[in-house]
Amino acid sequence: MNMQQADPIKMDYLDPANALNMPEMADMTFAMDFLSRVKEGVRNLSVALTESVSPDLRALLRTQLRQGIALHQEISELMIRKKWFHPYGLKEQFQLDMLSLQNTLEISKQRFFPDDTSRKGMFDRTPDAHMGGSEA
Amino acid sequence: MDQQQLLAAHEAIDLHEIINFKTLGLAKSKLMQGLVFDQELRALMEKDVQQTQQAIAELQAVYAKAPFHAPVPEFRPTPILN
């Protein structure tokens, strides 16, 4: 297994220096992902709601849309309180954006996984083995 | 199977998109809980899991009225391509 860096950076992923502020950086990233997922969900539900005609479905989608809006508010309030999100301080937001993009770019340049990640040989059988799925 | 009970085609297609979006979101909110450090953030993700489980169950019941509904086999009907 060849784990050499193609493009060496200052530190590798085993360097304990990378653990500095790591939990905060990671949580900020997960929260941002969560927020944008819920936000996308609100938009998707509104689109579906304006396409639907059946009263049952409309009622369901409306309830879920309200839930999504409420959850979006909860996540953004948490992120603002934790200083992960600065909707009123665009300079701070700009700084956070830049720091997380730099950090993520550095992470993306590292080699975490072996060259061959096909682990199918580790499985006894696959769900479609009975119909020759592996020969497809 | 009277025609009135079936969803309109455009509704059913949008429902298909919502259901897949929610299914992926459920998996992500569940798995992410093993990665987050902040317990308040984790609690919100767990809330999302609970709400999404409920949402999917409700949508699933309506999806059965899609005009293209079919009996669900035990295994996927077409092999997974390599």
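The values are calculated or read from the model by the stated rules, or taken from the named source; none is laboratory data. Nothing here was measured: the structure is a model prediction, and the numbers come from that model. Cβ coordinates were reconstructed from backbone atoms using ideal geometry, including for glycine residues, and neighbour counts include every protein chain displayed. Calculation scope for accessible area: heavy atoms of the full protein, side chains included, ligands and nucleic acids excluded. Shrake-Rupley method; radii C 1.70, N 1.55, O 1.52, S 1.80 Å.
Tabulated values for the structure
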item	result
Contacts under 9 angstrom Cβ, first residue in the stretch A:74-99 being in contact (Cβ under 8 Å) with a residue 24 or more places away in the chain, partner open to solvent by 60 Å² or more (accessible area, probe 1.4 Å) and acidic (Asp, Glu), 6 or more apart	A:78/B:40; A:82/A:24; A:82/B:40; A:84/A:24
Counted residues, the stretch A:39-68 - those being in contact (Cβ under 8 Å) with a residue 12 or more places away in the chain, of a type in the set (A, V, I, L, M, F, W, C) and at the interface with chain B (Cβ under 7 Å from one of its Cβ atoms)	2
Residue check, residue A:71 closer than 30 Å to residue B:62 by Cα and within 14 Å of chain B (Cβ to nearest Cβ)	yes
Some residue of the stretch A:26-34 being buried (at least 18 other Cβ atoms within 10 Å of the Cβ), of a type in the set (A, V, I, L, M) and under 19 Å from the mean Cα position of the chain (by Cα)	yes
Test: residue in the stretch B:40-47 that is in contact with a Lys or Arg (Cβ under 9 Å, 6 or more places away or on another chain), of a type outside the set (Val, Ile, Thr) and under 30 Å from residue B:6 (Cα atoms)	no
All positions within the stretch B:32-46 that are open to solvent by 80 Å² or more (accessible area, probe 1.4 Å) and not in a loop (DSSP other than H, G, I, E, B)	B:39, B:42
Check on residue B:50, more than 9 Å from chain A (Cβ to nearest Cβ), open to solvent by 80 Å² or more (accessible area, probe 1.4 Å) and at pLDDT 95 or above	yes
Hits in the stretch A:52-67 (condition: more than 14 Å from residue B:22 (Cβ to Cβ) and polar (S, T, N, Q))	A:52, A:54
Residue match in the stretch A:66-75 (condition: modelled with pLDDT under 95 and surrounded by fewer than 16 Cβ atoms within 10 Å (Cβ to Cβ))	no
Answer from B:17, B:46 - the residue that is closer than 19 Å to residue A:42 by Cα and over 12 Å from the mean Cα position of the chain (by Cα)	B:46
